[in-house]
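The block underneath contains the structure these notes are about, expressed in structure tokens.
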Amino acid sequence: MNSLFYPIIIPFIAGIITLLMPKRIKFVKEIIALLTSVFVLSIVIGLFRLKPLSFTLGNTLLLQLDNLSGFVTLFIAAFALLIIVYSFGFMKGKDRLNQYYGYMLMTLGGSIGAVLSNDLICFLAFWGFLGITLYLLINMGGPDAAYASKKALIIVGGSDALMILGVGIIYFMTKSFSMAGLSLPLNNGLAIAAFLTLACGAFAKAGAMPLHTWIPESSEVAPVPVMAFIPASLDKLLGIYFLARISLDMFIIKTGSTVSIILLALGAITILAAVMMALVQHNLKKLLAYHAVSQVGYMVLGIGTGNPIGIAGGLFHMLNNAIYKYGLFLCSGAIEHKRKTTDLDKLGGLSKAMPITYISCLIAALAISGVPPLNGFVSKWMVYQGLIELGNSGGRLWVIWLTAAIFGSALTLASFMKLTHAVFLGQCPEGRCERQEVGVAMWLPAAVLAGLCVLFGVFAYQIPIRFFIQPSISKTITYPGMWNASLSTGLILIGIVVGFIIYAIGSIKNLRVDEPFIGGEPLREDMKVSGVRFYQTIEDIPVLSLFYRWAERGLFDIYDQFRNILFFFTRILQRLHNGVLSTYLAWCLLGVIILFFVLR
Amino acid sequence: MSIIPLFIAIPLGAAFLVSLFGRRIKILPDLLANLCTASLGILSLLSVGIVREHGMLVYKIGSWAPPVGISLVLDGLTCFMLVTVNIIAFFITLYSISYMARYTAKWKFYTLFLLMLAGMNGVIATGDIFNLYVFLEIAAIASYALVAFGIEHEELEASFKYAVMGTLASSFILLGIIFLYSYTSTLNMADMSNVLLAKGPGKIVGFVVPLFILGFGLKAAIMPFHAWLPDAHPSAPAPISAMLSGLLIKVLGIYALMRIFFNVLGVSQNTYFVLMILGVISMTLGAFLAIGQHDIKRMLAYSSVSQIGYIMLGIGIATPMAIAGALFHLFNHATFKSLLFLNSGAIEYSTGTRDLKKMGGLNSHMPVTGATSLIGSMSISGMPPLSGFWSKLIIILAAVQAEYYAMAAIAASVSIITLAYYLKLQKEAFFGTLGEGLEKVKEAPLTMKLAMIALAAICIAGGLLLLPQVFDLFINSAAKVLSAGNGYAKIVFGSIR
């Protein structure tokens, strides 16, 4: 058997074994899951060093591990290991663990299968299968998750149905199902239709607008590890991986063409609209979910630029986003685990109670806001450079995209200020401030991810770009702007050290710790400043308030609109079916008369 | 000794025995019906091997040679249909053992069931157009009675509507056959095909085609001739709903239509286009109607209208790939639709309701029904890697290949609506909070579980039929018969000598 099969088949087999395992047997499920994910990770590391690899069946190139799919596979396997470890803590004592670990392992196998597939049919099969496991995993959240899971699968699975159409058109045009080296020009309606239908699949998976609505909806009800693993990291990797595949290998997107502008516009809208929604959220998980949507915009923008630096930025941002968003969700899970709520109103002052979670979450929050020298900054900076490059090479409208991207980044920072304040700073509600850090199984994955954020930021050019990003795109990346991460980090560190020294010399002797107070009076519980209301006023700004109200009514939710239109027709048809036999006979007669007329 | 007449003789004989002794010997109806369908299932699988070896078998009833006597024909298409019908009929009888226990007069049920099966096998195997009509009526009349089996108000009304409309269809079919007979002076399908080729189609074919579209289209529940189905299919007991929706509409409607249009009449491109349009209309409007339903079986019934649309679309495109896709979808739809009806029966058996609004959270109490129903739902919605995905894929690919882009796009979009209403079904019935008064619900009995698990396994493994060797043997050999068109006649007469 070809070695490329192992990382696909082994998780499937392990998943089925776990699924069929009776409830009584304890710990074995966890051990199987852990061993499988360790094994898959080690195989994938081995394969990554041997790349490129491929597997051919008959004349079709079925599986292929090249630079792009190689690094995506590597991170899928790594993330899977982290989530399994995290689940030991989070899912402990929960029901239906055999299903949970079983579906998780199948998700792992299916994702690796989708990434390695070069054959479009094979790809579609794995890709669609992931929709089913996602549906089942969201449903692990209990009875409340039924609606969200349904919505998720209708959007994700529905876009798969459209992808079949795209695959059909590609087969019609090229007489083959192979992805490699198609390079179809987007110069006729058919090719554009094929591109757009395939992009629909990528957008729905990654959660770009307008196919994003399932992510915030699921975030509140699905188990946190599921949200962290699938929509926040895995689906981003898969969706953007596929978008990169279709935009780089399968089609040629010309700068300034309609398709390119569609991509850029969707990216810009996604960034801004989702971050505006994030600003006004009251629930930690939902807030994170809107950011998960917003960040996709940068990746789409990066790939939409079509120049090497932009694409590299998009891919790098995909990786970085997967890392920090994953970390943020894991932290939210840790908070939920301890406090049994993720309502921002009921949290506060956790920095003392959960120091490791606090630090990990802070690093990830700074990274997502694009604060140097963390990884999010580097990739956003590359996307900006891509957009500027687009302007240099004659693209129109680039200023708009650039403004949207930068403005979105600022709003992201603002939104994470709110999050950090509401969750970790401020006062503890009801004085519950005792130290209650989560177990090592739960803080370790988040800490590892925070460490990666720093590592990939400080040594961006030395490690991730050199090993993963640059090899994935065939052209060399040229950097019009300068950013020397290591030097800057050094400077920042020196600044911090100097500041600390000044602080130590100046004020350490007359330090006084006291309860918070206002006007000499100790702060009471009802005077607590919650972060929730930081940006409430923006909901009252004239034009924005209208948009927020529309958004609340689901006017921007493609799912709701689709349903309204559908039920409009359904009601008409139902009225026609009145149950009277003579009506039905009249239809038959009418039908046959028309047939006689048509077929005469 | 040929095996072809056995497909008709065994169920007829079993029906006779059950009606004669079934009343007194309590165990006989269950035993005999299951033995009968099991042996038919095995025989049908054997026939695949026979067809591979001999190509085509013709059985002359009473040793009269074809143009004169009635012949039974076993070719690729026949054995494809026989396998589909008899295998699924076996699982349905298995299911009926427990399910029908709560009805009185099991023996009446099995008598009618076996008569219907004999009629369907007859329609499939016959090579004579009038004989086809006779078998069609046997199956249809048995099904009218079966729909009314519960003899409550609702069942009787549905059965009445079904009977009136079904008879309308039968009479139009008969009218068409009369016209053809008057023109060709023969009733043997192969001979008729030859005569039509020699004499030219003339105006008569143009006149007969709409009659047949109405007649067989009504049996197949193609819009706008579908209106009986949403009443009739939900009213019947669950195994019969499964039989009607899974098999009967395909045998009496789709199969007969395909056989006559492709192999006998050789109709024009125009007609295929009309079939395709009718298919697209049924597909779309059926899905629109299904999503508005709250009665689980009614939703499934409208879904049948919609899925038949996919099959008609494939037939209407009429390229070899599309026909293969349509046949594949026919087989898949037979499995998952009967599975879903059996699931709905299990729910009704355990909870006593068909109303989705009164259910909820059944997964915790009925894990087997829940899991198999999820597999069936995902399969019919075309989620990979289940069987429905592959057949829809082939149909859509074929539509694009034939440059019917709009049809392909509609087929893909309807697939989304299909997913939406099956997820609605899943959510309302199996997920979410437990419905009121359902705390003590129990899982269905063993034989019902076995039947559902077996059908779900076929849905999972359905994609394996795409393996080149299996696909050639099972589906392509059937599709080739249709693609051969008039070549059918040559092969029939060739295999007699």
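Please return the ranges of helices (runs of 4 or more DSSP H) entirely within the stretch A:38-150 where 1 or more residues are closer than 23 Å to residue B:390 by Cα and either within 14 Å of chain B (Cβ to nearest Cβ) or not polar (S, T, N, Q) (or both).
Numbers: elements: A:67-90, A:97-116, A:120-139.
Fully inside the stretch A:38-150 and qualifying: A:97-116, A:120-139.
How about the stretch A:164-202: which of its residues are more than 10 Å from chain B (Cβ to nearest Cβ) and touching a Gly at 6+ places or on another chain (Cβ under 7 Å)?
Across the stretch A:164-202, the qualifying residues are A:198, A:202.
Using the structure shown, decide if residue B:491 is within 21 Å of the chain's Cα centre (by Cα) and either among the β-branched types (Val, Ile, Thr) or in a loop (DSSP other than H, G, I, E, B) (or both). Before you say what the answer is, go through the steps one by one.
Working: within 21 Å of the chain's Cα centre (by Cα): no; either among the β-branched types (Val, Ile, Thr) or in a loop (DSSP other than H, G, I, E, B) (or both): yes.
No, not satisfied.
Examine the stretch A:417-427 for a residue that is out of contact with any Lys or Arg (no Cβ under 9 Å at 6 or more places or on another chain) and free of Cβ contacts under 8 Å to residues at least 24 places away in the same chain, and state whether such a residue exists.
no
With the condition kept exactly as written, say whether any residue in the stretch B:264-275 is more than 12 Å from chain A (Cβ to nearest Cβ) and either among the basic types (Lys, Arg) or under 19 Å from the mean Cα position of the chain (by Cα) (or both).
no
Tally time: how many residues in the stretch B:42-77 are in a helix (DSSP H, G or I), free of Cβ contacts under 8 Å to residues at least 12 places away in the same chain and not β-branched (Val, Ile, Thr)? Break it down into steps so the answer makes sense when it comes.
Initial filter on the stretch B:42-77 (in a helix (DSSP H, G or I)): B:42-54, B:61-63, B:76-77.
If we keep only those that are free of Cβ contacts under 8 Å to residues at least 12 places away in the same chain as well, we get B:42, B:49, B:53, B:62-63.
Within this subset, residues satisfying the condition of being not β-branched (Val, Ile, Thr) are B:49, B:53, B:62-63.
Residues meeting the conditions: 4.
Residue check, residue A:409 against (1) at positive phi; (2) of a type outside the set (D, E, K, R); (3) in a helix (DSSP H, G or I), all met but one. Which one?
(1)
Within the stretch B:256-272, can you find the residues that are aromatic (Phe, Trp, Tyr) and over 21 Å from residue A:588 (Cβ atoms)?
Step one: of the stretch B:256-272, the residues aromatic (Phe, Trp, Tyr) are B:261-262, B:272.
Across the stretch B:256-272, the qualifying residues are B:262, B:272.
Step by step: first the residues of the stretch B:383-399, then only those that are farther than 13 Å from residue A:164 by Cβ and not in a helix (DSSP H, G or I), then the one that is farthest from the other protein chains (Cβ to nearest Cβ). Which residue is that?
Going residue by residue through the stretch B:383-399, those that are farther than 13 Å from residue A:164 by Cβ are B:385-387.
Applying the additional criterion that residues be not in a helix (DSSP H, G or I) yields B:385-386.
Values: B:385: 5, B:386: 9 Å.
Among residues in the stretch B:383-399 that are farther than 13 Å from residue A:164 by Cβ and not in a helix (DSSP H, G or I), the one farthest from the other protein chains (Cβ to nearest Cβ) is B:386.
Assess whether residue A:211 counts as being in a helix (DSSP H, G or I) and either in contact with a helix residue (DSSP H, G or I) (Cβ under 7 Å, 6 or more places away or on another chain) or buried (at least 24 other Cβ atoms within 10 Å of the Cβ) (or both). Full working, then the answer.
Values: in a helix (DSSP H, G or I): no; either in contact with a helix residue (DSSP H, G or I) (Cβ under 7 Å, 6 or more places away or on another chain) or buried (at least 24 other Cβ atoms within 10 Å of the Cβ) (or both): yes.
For residue A:211, the condition - in a helix (DSSP H, G or I) and either in contact with a helix residue (DSSP H, G or I) (Cβ under 7 Å, 6 or more places away or on another chain) or buried (at least 24 other Cβ atoms within 10 Å of the Cβ) (or both) - is not met.
Taking the options B:197, B:112, name whichever one is more than 13 Å from chain A (Cβ to nearest Cβ), within 22 Å of residue B:240 (Cβ to Cβ), in contact (Cβ under 8 Å) with a residue 12 or more places away in the chain and not small (Gly, Ala, Ser).
Numbers: B:197 fails: within 22 Å of residue B:240 (Cβ to Cβ).
Testing whether each residue is more than 13 Å from chain A (Cβ to nearest Cβ), within 22 Å of residue B:240 (Cβ to Cβ), in contact (Cβ under 8 Å) with a residue 12 or more places away in the chain and not small (Gly, Ala, Ser) leaves just B:112.
Being in the same structural domain as residue A:241 (by TED's automatic domain parsing), among the small types (Gly, Ala, Ser) and either in contact with an Asp or Glu (Cβ under 8 Å, 6 or more places away or on another chain) or surrounded by 15 or more Cβ atoms within 10 Å (Cβ to Cβ) (or both) is the requirement here; does residue A:410 meet it?
Working: in the same structural domain as residue A:241 (by TED's automatic domain parsing): yes; among the small types (Gly, Ala, Ser): yes; either in contact with an Asp or Glu (Cβ under 8 Å, 6 or more places away or on another chain) or surrounded by 15 or more Cβ atoms within 10 Å (Cβ to Cβ) (or both): no.
Answer is no for this residue.
Which residue, of A:273, A:278, is hydrophobic (A, V, I, L, M, F, W, C) and surrounded by fewer than 24 Cβ atoms within 10 Å (Cβ to Cβ)? Steps first, please.
On the way: A:278 fails: surrounded by fewer than 24 Cβ atoms within 10 Å (Cβ to Cβ).
Within the list A:273, A:278, the selection yields A:273.
Is it the case that some residue within the stretch B:400-416 is under 23 Å from the mean Cα position of the chain (by Cα), more than 7 Å from chain A (Cβ to nearest Cβ) and in contact (Cβ under 8 Å) with a residue 24 or more places away in the chain?
yes
Which of the following residues is surrounded by fewer than 22 Cβ atoms within 10 Å (Cβ to Cβ), touching a strand residue (DSSP E or B) at 6+ places or on another chain (Cβ under 9 Å) and among the aromatic types (Phe, Trp, Tyr): A:172, A:195, A:123, A:177? So that I can check it myself, show each step before the final result.
Working: A:172 fails: touching a strand residue (DSSP E or B) at 6+ places or on another chain (Cβ under 9 Å); A:195 fails: surrounded by fewer than 22 Cβ atoms within 10 Å (Cβ to Cβ); A:123 fails: surrounded by fewer than 22 Cβ atoms within 10 Å (Cβ to Cβ).
Result of the check over A:172, A:195, A:123, A:177: A:177.
Of all residues in the stretch B:99-144 being more than 20 Å from residue B:177 (Cα to Cα) and β-branched (Val, Ile, Thr), which is surrounded by the fewest Cβ atoms within 10 Å (Cβ to Cβ)?
Here the answer is B:104.
Please work out if residue A:161 is touching a residue at least 60 places away in the same chain (Cβ under 8 Å), buried (at least 24 other Cβ atoms within 10 Å of the Cβ) and either among the small types (Gly, Ala, Ser) or within 10 Å of chain B (Cβ to nearest Cβ) (or both). Spell out how you get there, then give the answer.
On the way: touching a residue at least 60 places away in the same chain (Cβ under 8 Å): no; buried (at least 24 other Cβ atoms within 10 Å of the Cβ): yes; either among the small types (Gly, Ala, Ser) or within 10 Å of chain B (Cβ to nearest Cβ) (or both): yes.
Criteria not met by residue A:161.
Could you tell me how many of the residues in the stretch B:450-473 are in a helix (DSSP H, G or I) and either surrounded by fewer than 22 Cβ atoms within 10 Å (Cβ to Cβ) or at positive phi (or both)?
Of the residues in the stretch B:450-473, the ones in a helix (DSSP H, G or I) are B:450-466, B:468-473.
Filter once more, keeping what is either surrounded by fewer than 22 Cβ atoms within 10 Å (Cβ to Cβ) or at positive phi (or both): B:450, B:453-454, B:457, B:460-461, B:463-466, B:468-473.
Summing the residues that are in a helix (DSSP H, G or I) and either surrounded by fewer than 22 Cβ atoms within 10 Å (Cβ to Cβ) or at positive phi (or both) in the stretch B:450-473 gives 16.
Give the residues of the stretch A:237-252 that are crowded, with 21+ Cβ neighbours inside 10 Å and outside any helix (DSSP H, G or I), sorted by residue number.
A:251
Could you go through the stretch B:428-449 and let me know if any residue there is among the hydrophobic types (A, V, I, L, M, F, W, C), outside any loop (DSSP other than H, G, I, E, B), closer than 20 Å to residue B:343 by Cβ and within 10 Å of another protein chain (Cβ to nearest Cβ).
Within the stretch B:428-449, not a single residue is among the hydrophobic types (A, V, I, L, M, F, W, C), outside any loop (DSSP other than H, G, I, E, B), closer than 20 Å to residue B:343 by Cβ and within 10 Å of another protein chain (Cβ to nearest Cβ).
Restricting attention to the stretch B:130-141, does a residue exist that is within 19 Å of the chain's Cα centre (by Cα) and of a type in the set (Ser, Thr, Tyr)?
Taking the stretch B:130-141 and keeping what is within 19 Å of the chain's Cα centre (by Cα), we get B:132-141.
Going one step further and asking which of them are of a type in the set (Ser, Thr, Tyr), we end up with B:133.
Within the stretch B:130-141, one or more residues are within 19 Å of the chain's Cα centre (by Cα) and of a type in the set (Ser, Thr, Tyr).
Yes/no per residue for (1) in contact with a strand residue (DSSP E or B) (Cβ under 8 Å, 6 or more places away or on another chain); (2) at pLDDT below 85; (3) assigned to a helix (DSSP H, G or I):
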{"site": "A:229", "(1), (2), (3)": "no, yes, yes"}
{"site": "A:235", "(1), (2), (3)": "no, no, yes"}
{"site": "A:255", "(1), (2), (3)": "no, yes, no"}
{"site": "A:263", "(1), (2), (3)": "no, no, yes"}
{"site": "A:271", "(1), (2), (3)": "no, no, yes"}
{"site": "A:289", "(1), (2), (3)": "no, no, yes"}
{"site": "A:292", "(1), (2), (3)": "no, no, yes"}
{"site": "A:299", "(1), (2), (3)": "no, no, yes"}
{"site": "A:302", "(1), (2), (3)": "no, no, yes"}
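Scanning for something away from chain A (no Cβ under 13 Å), of a type in the set (Gly, Ala, Ser), surrounded by fewer than 24 Cβ atoms within 10 Å (Cβ to Cβ) and part of a helix (DSSP H, G or I), does the stretch B:241-250 turn up at least one residue?
Taking the stretch B:241-250 as the starting set, the residues that turn out to be away from chain A (no Cβ under 13 Å) are B:241-250.
From what is left, the residues that are of a type in the set (Gly, Ala, Ser) are B:241-242, B:245-246.
Those still in the list that are surrounded by fewer than 24 Cβ atoms within 10 Å (Cβ to Cβ) too: none.
There is no residue in the stretch B:241-250 that is away from chain A (no Cβ under 13 Å), of a type in the set (Gly, Ala, Ser), surrounded by fewer than 24 Cβ atoms within 10 Å (Cβ to Cβ) and part of a helix (DSSP H, G or I).
Please indicate, with yes or no, whether at least one residue in the stretch B:163-183 is assigned to a helix (DSSP H, G or I), at pLDDT 85 or above, buried (at least 24 other Cβ atoms within 10 Å of the Cβ) and away from chain A (no Cβ under 14 Å).
yes
If residue B:323 passes every condition in (1) facing another protein chain (nearest Cβ under 10 Å); (2) buried (at least 24 other Cβ atoms within 10 Å of the Cβ); (3) β-branched (Val, Ile, Thr) but one, which one does it miss?
Only one criterion in (1) facing another protein chain (nearest Cβ under 10 Å); (2) buried (at least 24 other Cβ atoms within 10 Å of the Cβ); (3) β-branched (Val, Ile, Thr) is unmet by residue B:323, namely (1).
The values are calculated or read from the model by the stated rules, or taken from the named source; none is laboratory data. Treat the numbers as computed from the prediction; the structure is a model and nothing was measured. Neighbour counts are summed over all protein chains in view; Cβ atoms, including those assigned to glycine, are modelled from backbone coordinates with ideal geometry.
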